[in-house]
Amino acid sequence: MKPTDIEDAAFIFNLLNTPKWIEFIGNRNIENIEDAKKYIENKMLPQLHRLGFGNYTVILKSNKNKIGLCGLYDREDLDGIDIGFAFLPDFEGKGYALEAASKLLQIASTEFNLSQVSAITDLHNLASQNLIKKLGFKKVGLTSISNQTKKLLLYKKIF
């Protein structure tokens, strides 16, 4: 994993336009590579510079292909920091998200000194719910965030 930056724009364009991203996370209206660059500049990099953590691009060791995102997010609608992840369809269900999220949670506790992390997911995203449970999160209820009208499941993990 490495912090997501402008060089990841083509990858971000592809990932944010996958059917599952649009269904479960929401359409970010990324229509081209330039839109992806602006999204990285305006939505991803400011938090990284402000807090020292944010969005990370997951890269295969074997061939250096970019396969997914995993990050720690400071959302104004949630109390504290939450973890999120998304992978290209060819890399879903192969353990990459579990590996990346486990490593990021370890770093969240030991390097970023977080005492707890939240996770949110769509009510119908069973794969995400299963991963969140494997990571040791406990369901605490429902929540919503400003860019989505639907209710989301809210989980917490205390270190």
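The values are calculated or read from the model by the stated rules, or taken from the named source; none is laboratory data. Only a predicted model underlies this, so the values are computations on that prediction, with no experimental measurement involved. Note that we place each Cβ from the backbone using ideal geometry, even for glycine, and neighbour counts take in every protein chain shown. The area values use the complete protein model at the heavy-atom level, side chains included, leaving out ligands, DNA and RNA. Shrake-Rupley method; radii C 1.70, N 1.55, O 1.52, S 1.80 Å.
I need the calculated FRET efficiency for the pair N14 and L142, taking r as the beta carbon distance and R₀ as 41 Å, to the nearest 0.05.
0.85
State the answer as a single residue: which of F137, L16, T4 lies farthest towards the positive end of the charge dipole of region 1-138, with beta carbon charges of +1 for Lys and Arg and -1 for Asp and Glu, about the Cα centre.
Sorting the options by dipole projection puts first F137.
Using amide H atoms built 1.01 Å from N in the peptide plane, name the residues 5+ places from L154, or on other chains, whose amide H lies under 5 Å from its own.
The answer is V140, G141, L142, T143.
How much FRET efficiency would the formula 1/(1 + (r/R0)^6) give for S102 and K2, where r is the Cβ-Cβ distance and R0 is 22 Å, rounded to 0.05?
0.80
Explain nothing, just the number: relative contact order of region 1-156, from Cα pairs under 8 Å at least 6 residues apart, as a whole percent.
17 percent.
Taking the Cα centre of region 12-159 as origin and charging only Cβ (+1 Lys, Arg; -1 Asp, Glu), how large is the dipole, in debye to the nearest 20?
The dipole magnitude comes to about 420 debye.
Could you give me the ³J(HN,Hα) list for region 43-48, computed from phi with Karplus coefficients 6.51, -1.76, 1.60 and θ = phi - 60°, whole Hz, x at Gly and Pro?
Listing the rounded values in order: 10, 9, 5, x, 5, 4 Hz.
At a 10 angstrom cut-off on C-beta neighbours, averaged per residue, how do the peptides 152-159, 31-38 rank from highest to lowest?
Put in order of decreasing packing, that is 152-159, 31-38.
Can you work out ³J(HN,Hα) from phi for every residue in region 52-69, in order, using Karplus 6.51 cos²θ - 1.76 cosθ + 1.60 and θ = phi - 60°, giving whole Hz and x for Gly and Pro?
So the J values, rounded to whole Hz, are x, 8, x, 9, 10, 8, 8, 10, 5, 5, 5, 9, 6, 6, 7, 10, x, 10.
Could you tell me what percent of the accessible area of the chain is made up of carbon and sulfur, with a 1.4 Å probe and every protein chain present?
Roughly 51 percent of what the probe reaches on the chain is carbon or sulfur.
Between N27 and K43, what is the spin-label point distance in nm, taking each point 7 Å from the Cα along the Cα→C-beta axis?
For the pair N27/K43, the computed spacing is 1.3 nm.
Could you state the accessible area per residue of the chain in Å², with a 1.4 Å probe and every protein chain left in place?
Spelled out: the 1.4 Å probe surface of the chain, per residue, equals 55 Å².
Listed here are the pairs K66/K156; K64/K103; K2/K138; K37/K66; K43/K156; which of them are more than 22 Å apart at the Cα?
Table pairs above 22 Å Cα-Cα are K66/K156; K2/K138; K43/K156.
Which value, in debye to the nearest 20, gives the size of the charge dipole of region 94-159 about its Cα centre, when Lys and Arg are +1 and Asp and Glu are -1 at the Cβ?
About 240 debye.
Whose amide H sits under 5 Å from the amide H of L114, counting only residues 5 or more places off or on another chain, with H placed in the peptide plane?
Under 5 Å from the amide H of L114: S109.
For region 92-107, what does the Karplus curve 6.51 cos²θ - 1.76 cosθ + 1.60, with θ = phi - 60°, yield as ³J(HN,Hα) per residue in whole Hz, taken in order and with x for Gly and Pro?
Here the 3J(HN,Hα) series is 7, x, 10, x, 5, 5, 4, 5, 5, 5, 4, 5, 5, 5, 4, 5 Hz.
What does the extension gain come out to for D79 and T110, with contour length at 0.36 nm per residue minus their alpha carbon separation?
9.1 nm
Positive end of the charge dipole of the chain (Lys, Arg +1 and Asp, Glu -1 on Cβ, about the Cα centre): tell me which of A100, S146, L78 has its Cα farthest that way.
Checked the options; the winner is A100.
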